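Below is one structure, written out as structure tokens; comments come after it.
Only the coordinates and a few stated rules stand behind these numbers; no lab work does. Note that the coordinates shown come from a computational prediction; the quantities given were computed from them, not determined experimentally. Every residue, glycine as well, gets a Cβ built from its backbone with ideal geometry; the counts of neighbours run over all protein chains shown.
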Amino acid sequence: MKNGKNKTLYDPLFSLIYAALSVIAALIIAGLVMKIMGYRPLNSYRYLLQGSFGSINSLCETAVKTTPLILTAVAFSTAFKSGMINLGATGQLYMGAICTTLIATNFDQLPRGIHITISLLAGIAAGALFGYLVGLLKSVFGASELITTIMLNYVAAYLVSFLVTGPMKDTKGSNSNPQSCQILESAKLPLFVPGSRLNIGFLIALLVIVLYFLFFWHTSLGYGIRVIGLNENTGKYAGISKNLNQGIAMAISGGLAGLAGAIEILGVQTRLTQAFAGDLGFEGIAAALLGSNSPIGILFSSLLFGAMSSGAGTMEMLAKVPNAFISVIQGLIILFIIGRNLPAGKIKEVLIKKHVIKEEEAIGIIE
Amino acid sequence: MELLNSVIMTVLRMATPILLAGLGLVVSERAGILNIGTEGVMLTGALFGAIGSWAGKSIWIGVLCAVVGSVAVNLIIAFFSITLKADQTVVGTAINILAGGLTVTVNRSVFGIGTDNADIPLFQKIEIPVIKNIPIIGAIFSNQTILVYIALISVPIVSAVLYKTNVGLKIRSVGENPRACDTLGISVDRVRYSTMFFSGIMSGLAGIYISLSQMSSFTEGMVAGRGFIAVAAVVFGNYTPRGVFIAALVFGMADSLKYRMQASSYHVPYQFWLMVPYIITIFALCLYRKNSNKPACSAKPYIR
Amino acid sequence: MEFLQMNHISKQFGNVTANKDVTLSIKKGEIHALLGENGAGKSTLMNILYGMYRQTEGEIYLDGKKLNLSSPQKAISNGIGMVHQHFMLIPAQSVIENVVLGLKDNKTVLDLKSAAAKLKKLAETFHMEINPWEKVSNLSIGEQQRVEILKALFRGARLLILDEPTAVLTPQEAEALFDVLRKLKIEGCTIIFISHKLKEIMAVCDACTVLRKGETIKTIWVKDIVDTRELAELMVGKTVELTIKKEKTEVGKPVLILQNVSYQNKKKVQVLKDISFQVHEGEILGVCGVDGNGQSELIHCITGIKQASKGIIMINGTDTTREKSRKIMSRGVAHIPEDRQKYGIVQEMSIKENMILMSYLHKPLSRFGFLQSKNIENYTKRICDEFEIKAQNTDEKIMNLSGGNQQKVVVGRELSRNPKLLIAVHPDRGLDIGAAKYIQREIINTKKKGGGVLLVSSELDELMDLTDRIMVIYHGQIIETVSTEKTSLKELGELMMGIKNNVEEKNA
């Protein structure tokens, strides 16, 4: 990616075409894998499509699934811009979910607007602190965030498990499926379309993308963070502090992931359960990578993965392909995207080289 | 004495997958590849090992399948990192996502949901006569499965190869200054691919150890972050085989602690004990490294 | 046909032509210079000879045999060795490990002891001292270069290519190198000496081939050259004004004062010891010394990137010893850093984004934390016009510009702030003559406008041309400050090596 002067690779239209090709290629390979395992690819894809866009309800569900992806993707990209790789969206999401639930299940006297706002803020704050912790560990101890974030994911997940089976447990609920109490009505996010789960979280997510764009390309703080992320030394010479800016970026990043958790609880789940986020954190990362950390890119790739996630339920029900297979498609898409570095020109050069040598060997002149 | 023996045995059991994967990673790290896709590689090894053992009705066929599967995935990571010169963290993350989904799908397809998997041939414990009666040493050398012994013996072997052989010098040099090696006629790519081949084998063994030695079948997500802990062990062990050994033991102690404590009558909820290994890893990463052996060109693709 | 014959060599990288129909003939036992500016194609040609690249067209003959140099291994086995400009050594390993790396006859288990004995014997033949077991990171630059040469000789090199070997050496170390080369010549080695330093070529080489823009221009015998201007013209293709008109200006009050400044680094090494000096308005003070004697740390302390452990730094009358770099830069200080790729620019950002690096927090470039695009655009355009920066538009990524234009962005960015104190560190390193002279003129302009300039450079000619006074720094101390008019290259060279008044300074 540092091959410098190759202008064509940075042409946005070319990127878009390449992204589309990658998706198609991934679907083909995944289809082949499905076939080998005895599933019917075209059939499965049909159900996938149906489940994502086939009805008003499906569309709403796609939007619902897209919301946390947009947020965790922007979270990853924000940290990435500062030079930090935040693989901890899952953990930060859980911390946000925990704090949101705490606020949302109490304080029943509050008017709705206020209750929702402070619940969301609690989630953001929790995620932000958890994210900032990672930045702190790196700046003070040099601990690589690649590992600390993953470790904290497990810590947060176990914390959720503990709370939901212990202090926050809903005593009226079943024992085999532990959960927290339901959040109060005054904390639930307003729904749009009756009969679906679409809530204002989706709008919040769209707003976040706009803010991401404005922040990094139109504010001085965002500019400073980008400089530090691209060239730490030059940033230092310009007086931009790496530790401070990476800390801010990680806090924002964690906060956004926490917001994702908060919206999931307030708008969709309405109560805290174990492992409810599944692979959301990593799907968001995948969306960010696919979208090249750009605002438009993140929007489209989150929509793509959200659609797949929403359709996967239908696919599992009707075509019997496990839900988790979506991860295979996502992983393949990313691999195809980064495979664009396959230098077509270089391969030609190698072939010519071999050909040339073969020729001369035949004539018997060389060493 | 019984308690001490039992503790040592448990620690070794828990440390083995980290040690196996970690030794492989030391070699490929020294050559300049940062492989966080190890989690996915180990997961592949765990599943393929279970399938191979079950289908072939022999643990050794399982081992073969585990190694083949892991090496294949590791070489894919190698291809993207070395030949395509892609960002190694992105490759690793993509492989983890992919392997996560693929193993779940294949597992359900082959074994179905909630099967008992009672019939998979497992690793057998090996007892070494005579030695087993010696206090302490006896505990180490008796009653473990073969992969534990392989892991232990690999420490001095990998160490010797890395520091005393021609191949080892090339590996260490390629990670420090690939351009210098290129000017001396060493094929940087070939050395790196070879180290990835080796670490694929080791990660595969670590994977099948988790599924068929620590456990008796494949469960989804069973690697539970240990691929990352192996990567952390390399850092904690300052990129040397002996260091990785110590790091693996520390992790083994943390992991075995959780079983001890759960079984005791402490009223601390079990989830907190489950957290211990991960928290210990974070602490380990925070230890200050004065003379780091980290290769100068770690995770940087070599472009001529 | 001569000992080394490279005929009609062409090399294309995509649609860039690095070498075009180059022919090079070198006799056995010759020390042959390859002269040319940056980008002339000298390094590419030699990398082809060393097997790192493959020529698009042309043939190579060594001692009459046609060679197919498909890899460095092939080159090495044919007796060709190369010492690169940036050393190809592994600092974390010992000398002998570096020398032995990749040898074909290495056994599976390394036998370092006998290799070390062989190495010592080889070194003695050429009167070089070497400790095979020393870690390379502990060696001086000159010693590391010797390791590189021995590495090549150990592999039986009869043809040795040296790429800009004196770039990092003092005049005395360079002389020591030339002695080694002369001894090698006596032992039958043929040497190719890549350089753009005209005086050195005159000093040690027998013949010289000039390259310009990828083509051979001429090959001449050094003894036939009258003066260096002839070579310079061949190199550049037009008459080159080699001297800069130095003007005397009025010297005013001090803009920069250092009093007893010391700096101890993290490893508890006293890198700077008791430094005191002043830079005045209308004056250019040069800092001269071999890289690694404390210049970087000195600049870092002045600009606020590091903090001095003792002493006082005053800029324009204010005590800035404890201030951070952002504050200091706002006091009318401009800084052209030593390595633009590493410290000066952000490659992936646009020209615009690089231009605002030092002033993006202030009006009119930003207001209430928001960047003002129109103002930024105008600001950038103005500086590009003023400093003749050639680019298609301001949104172009700075990595697409030439080295000279990149440095002009840095210089333009800094100088357009009308600094009272300019700190320039190796400002024309790696630039071709045209760009270098431009930047030198801008530095003089700053002095003419009444600013003070602190110029750190290892190019003695540049220091002699531009400065009013020169400070020589050695082992973290100012060993002597001389008036430029009254000093000589010889005196500077000695001072750089710690020799003051013909007496070598012990480690003070």
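Here are the numbers for the structure shown:
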{"read-out": "For region B:202-211, Karplus couplings with θ = phi - 60° (6.51, -1.76, 1.60), whole Hz, Gly/Pro x", "value": "5, 5, x, 5, 4, x, 5, 4, 5, 7"}
{"read-out": "Fewest-first sequence of C:PHE370, A:PHE215 by Cβ atoms within 10 Å of each Cβ", "value": "C:PHE370, A:PHE215"}
{"read-out": "Relative contact order %, region C:346-417, counting alpha carbon pairs below 8 Å whose residues are six or more apart", "value": "42"}
{"read-out": "Among A:ALA249, A:ALA157, A:ALA238: highest mean-square fluctuation, GNM of chain A, C-alpha pairs under 10 Å", "value": "A:ALA238"}
{"read-out": "Kirkwood hydrodynamic radius over Cα pairs of chain C, then Stokes diffusion coefficient at 4 °C and 1.567 mPa s, in µm²/s", "value": "52"}
{"read-out": "Average other protein chain Cβ within 10 Å of Cβ, residues A:215-223", "value": "5"}
{"read-out": "Cα gyration tensor shape of the protein assembly as shown, rounded if a/c is under 1.5, else prolate or oblate by comparing a/b with b/c", "value": "prolate"}
{"read-out": "Spread of Cα-to-Cα distances over 10 Å intervals beginning at zero, given as percent, for region B:194-250", "value": "22, 48, 27, 2"}
{"read-out": "Chain lengthening between C:THR125 and C:LYS490 when straightened (0.36 nm per residue, less Cα-Cα)", "value": "128.4 nm"}
{"read-out": "Beta bridges per DSSP with both ends in chain C, % antiparallel, nearest 5", "value": "55"}
{"read-out": "Total charge dipole magnitude, chain B, about the Cα centre, Cβ charges on Lys, Arg, Asp, Glu only, Debye to nearest 20", "value": "840"}
{"read-out": "Overall Cα dimensions of region C:4-236, principal axis frame, Å, largest first", "value": "50, 38, 30"}
{"read-out": "On Cα atoms only, tilt of B:226-236 relative to the major axis of chain B in degrees", "value": "60"}
{"read-out": "Burial order of peptide ranges B:238-249, B:96-107, C:355-366, B:39-50 (average beta-carbon count within 10 Å, highest first)", "value": "B:39-50, B:96-107, B:238-249, C:355-366"}
{"read-out": "Inter-label distance, nm, simple model (7 Å from Cα along the C-beta direction), C:LYS500/A:ASN243", "value": "3.8"}
{"read-out": "Relative contact order %, chain B, counting alpha carbon pairs below 8 Å whose residues are six or more apart", "value": "36"}
{"read-out": "Over region A:54-118 - Rg/Rh using Cα atoms and the Kirkwood inverse-distance radius", "value": "1.10"}
{"read-out": "Region A:60-321 - percent relative contact order, Cα under 8 Å, separation 6 or more", "value": "41"}
{"read-out": "Cα→Cβ-extended label distance, 7 Å offset, between C:ILE217 and C:LYS135, nm", "value": "4.6"}
{"read-out": "Principal-axis tilt of helix B:241-263 within chain B, Cα atoms, nearest 10 degrees", "value": "30"}
{"read-out": "Gyration tensor verdict on chain A (Cα atoms; rounded if a/c is under 1.5, prolate if a/b is larger than b/c, oblate otherwise)", "value": "oblate"}
{"read-out": "Fraction of beta bridges assigned by DSSP in region C:4-236 that are antiparallel (%, nearest 5)", "value": "55"}
{"read-out": "Region C:71-85 - phi-based ³J(HN,Hα) in whole Hz, Karplus 6.51/-1.76/1.60, Gly and Pro as x", "value": "7, x, 4, 5, 4, 4, 5, 9, x, 9, x, 9, 10, 6, 5"}
{"read-out": "With Cα atoms, 0 to 90° folded angle of helix B:166-176 axis to chain B main axis", "value": "80"}
{"read-out": "Order of B:SER199, B:SER81 under a 10 Å beta carbon neighbour criterion, fewest first", "value": "B:SER81, B:SER199"}
{"read-out": "Residues C:ILE192, A:ILE204 arranged by fewest to most Cβ contacts within 10 Å", "value": "A:ILE204, C:ILE192"}
{"read-out": "Peptide B:164-177, shielding by other chains (average Cβ, 10 Å cutoff)", "value": "5"}
{"read-out": "Note, ³J(HN,Hα) from phi for region A:68-85, Karplus 6.51, -1.76, 1.60, rounded to Hz, x at Gly and Pro", "value": "x, 5, 4, 5, 5, 5, 5, 4, 4, 5, 4, 5, 4, 4, 8, x, 9, 9"}
{"read-out": "Prolate/oblate/rounded call for region C:346-417, Cα gyration tensor, a/c under 1.5 rounded", "value": "prolate"}
{"read-out": "Cut-off under 5 Å, modelled amide H: who pairs with C:MET82 long-range", "value": "C:ILE161"}
{"read-out": "Pairwise centroid distance, computed over Cα atoms, of region C:432-474 with region C:273-335, Å", "value": "17"}
{"read-out": "Sequence-distant residues sharing a close amide H with C:PHE370 (under 5 Å, placed H)", "value": "A:SER220"}
{"read-out": "Rounded to 5, the percent of DSSP beta bridges in the protein assembly as shown classed as antiparallel", "value": "60"}
